[in-house]
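No value in this document is a laboratory result; all are computed from the given coordinates. The structure presented is a predicted model; accordingly, all values stated were derived computationally and were not measured. Virtual Cβ from ideal backbone geometry, glycine too; neighbours counted across all protein chains shown.
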Amino acid sequence: MIVELGHFALVLALAVAFVQSSLPMVGAWKRWGGWMAVGEPAAIVQLMLITVAFGALTYAFVTSDFSLRLVVLNSHTDKPMLYKISGVWGNHEGSLLLWVWILALYGACAAIFGGRLPATLRARVLGVQGLVGFAFLAFLLFTSNPFLRLAEPPFNGDDLNPLLQDPGLAFHPPFLYLGYVGLSMAFSFAIAALIEGRVDAAWGRWVRPWTLAAWVFLTIGIALGSWWAYYELGWGGFWFWDPVENASFMPWLFSAALLHSAIVVEKRESLKAWTILLAILGFGFSLIGTFIVRSGVITSVHAFANDPERGVFILILLALFMGGALMLFALRAGTMEAKGIFAMVSRESALVANNLLLAVASFVVFVGTIWPLVAEMLWDRKLSVGAPFFDAAFSPFMIALALLLPIGAMLPWKRAQTGRILRRLMPVAVLAFAVAALVWSVQTGRSALGPVGAALSVWVVLGALVDLWGRTGRDGFGTRFARLWRLPRADWGKATAHAGLGVTIFAVAAMTAWATEVIKVVQIGESFDLHGYQVTLAKVEEVEGPNYLSTTATMEVRRNGDLVSVLYPEKRVYPVQAMPTTEAALDYGLLRDIYLVIGDAQAAGGYAIRGYWKPFANWIWFGAGLMALGGLLSLSDRRYRVAAGARRVPSMAPAE
């Protein structure tokens, strides 16, 4: 009964989405207030109905209702409760239901918190959001119905993919979808502005909080996925340029560019057409990521390998939304006249350079991701584009971005003289060069990656702090220090996010350049050296878990004879799916991780062991956390709340 209720609620949500996508748009065109007002209750009702459907599916998983086909394919009675719940979105159908639920959540938030928006703009935003919801609800119901019943239910299910039975993968998809789908709000604002033919400072102020929220969630989701790949896959890496990783990284780059471009629209009423285009492309690349993950055309350890027919449906949606949006953009671009004029050397120019670097970097990732598919379609050739290509093609753009960041953040609007800015940053540049020289002298016989990463990190982090300190005026130290804590949260947010990027740059460079790897066969009781640590394989035993069998090693880690840690790496086999997984054991530290993996037993005795010494590994996710914290601080600034100040301005004219 509950399952049927969920299915019925999903069908009703489709009908409500159609109403939301049509009546407010007609009302805005005709200036009919009653029709425009339909969008708000429709968005809220749509969220309530999809919540009922999502709750019904969750109930089926929690109670192991094997009359439901989706539960049979992705659950098992012995599975821990956390993974029964995460199994709801650990598959194509359930994750798509989560996708449309988050889409409806954003639409309802726009309805609830968008009361200060002009009535026509609010109606059109909700109408576009409803149209996206209608399209994906139709995709869900007609091609990927999560509520299909089985005539003869089995006694038990097939279990969830063992790689997904992990806390990191339980929380990673929801955050990622909150970011992916959040870009639909920027898209809806862009299309609404194109229809109205007006983009100004107020529009830039309205669109920024939604974009910022999506960027923050994407940052958290990508960081969780990177952390999961690091400790779960047993490869000792944090990023592999996997197509699914790239699918989330490209929208992140575009949303970062959109954030900075919207600042220029808000402050100077320039870059209007470019900002609208970024909003369209940001959501477009989210749809491209959806296609990559769900079409089955690529191979990934965490893709939904489904039949290509569903991929064709997504391509049709991509063509309709992106084709229609770009056509509308081409027709309306001439109306978006820029008012602000700026010199070649100015903050506006620096933000343009920032945008170009981020956008081109994203296109580089896109070409590398999609090229194997293109080569196979056109020339019937199997190609593999891996880390060497991405590292060589992508890194220069990030280096240029890091070099530009402190200077661009400190330049004034409209016109600037770089001399004063460079004088303020000269001590930072000298210190960055000194750090690079020190690292180079210490790491004899290694690549330049470590020194370059250390120098860029010092440059970006201290540059952000110098910029923050410079906003306190020119009074005495005590006065400036007191004023520092009264600066707007947006200033603190920008400095924190930029510093987080600097920390991540250093951690990535350090971990890539200085990590140590040992692969060997080790007998029980035997020890081996791992970057100054003595690792002993004390014992190996068979352990039975709740839904798996484990070969668990006990490995003692010592330094200079003193016990540092006892680690328990595992090699698991999940009998239901007959699938082995590797569970690495880590000793986390502030400056390094000890990372151990047990492999198969060898014919001559002993076990294959892989050991890694990973310097500054946790700084990668600490830096990502700082970036997300910076976004949250900016989001909490009262100036950037949705439609702040719009009540004083009934039209879309900029507030005083």
Roughly how far apart, in whole Å, are the Cα centres of segment 43-71 and segment 529-581? 38 Å
Cα gyration tensor of segment 510-571 diagonalised, 5x eigenvalues square-rooted, in angstrom largest first, produces semi-axes 24, 15, 11
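If we count other beta carbons within 10 Å of each Cβ, what is the order of Met555, Met322, fewest first?
The fewest-first ordering by Cβ neighbours comes to Met322, Met555.
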Value of D in µm² per second that Stokes-Einstein yields for the chain, Kirkwood Rh from Cα pairs, at 10 °C (1.306 mPa s): 59 µm²/s
For Lys614, give me every one of the lysines with a C-alpha distance below 27 angstrom, ignoring sequence neighbours fewer than eight places off in its own chain. Lys520, Lys539, Lys571
Binned Cα-Cα distance frequencies in segment 117-194 - 5 Å width, integer %: 3, 11, 13, 14, 16, 14, 10, 8, 5, 3, 2, 0
Along the charge dipole of the chain, Cβ charges K/R +1 and D/E -1, which of Trp621, Trp274, Ala507 sits furthest on the positive end? Trp274
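Arrange Glu40, Glu544 by Cβ neighbour counts within 10 Å, fewest through most, would you?
Placing the least packed residue first, the sequence is Glu544, Glu40.
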How many angstrom lie between the C-alpha centres of segment 176-224 and segment 93-163? 18 Å
Leaving out same-chain residues fewer than 8 places away, which aspartates and glutamates sit with a Cα under 18 Å from that of Lys267? Asp200, Glu337, Glu348, Asp491, Asp637, Glu656
Please get the size of the charge dipole for the chain, origin at its Cα centre, with Cβ charges of +1 on Lys and Arg and -1 on Asp and Glu, quoted in debye to the nearest 20. 3520 debye
Note to self: C-alpha centroids of segment 436-509 and segment 313-327 sit apart, in Å, by 42 Å
Viscosity 1.567 mPa s, temperature 4 °C: what is the translational diffusion coefficient of segment 1-160 from Stokes-Einstein with a Kirkwood Rh over Cα pairs, rounded to a whole number of µm²/s? 80 µm²/s
What range in the chain is the longest one free of trypsin sites (Lys or Arg not before Pro) that are in a loop by DSSP and have at most 13 other Cβ atoms within 10 angstrom? 32-338
Here, segment 62-112 modelled as identical Cα point scatterers in vacuum has Debye log10 I(q)/I(0) at q = 0.12, 0.25, 0.27 Å⁻¹ of -0.34, -0.88, -0.96
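In debye to the nearest 20, how big a dipole does segment 436-525 give about its Cα centre with +1 on each Lys and Arg Cβ and -1 on each Asp and Glu Cβ? Provide the component values of the computation, followed by the final result.
On the way: 9 positive and 4 negative charges, 64 e Å.
About 300 debye.
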Starting with the fewest neighbours, write out Ser286, Ser144 ranked by other beta-carbon atoms found within 10 Å of each beta-carbon. Ser144, Ser286
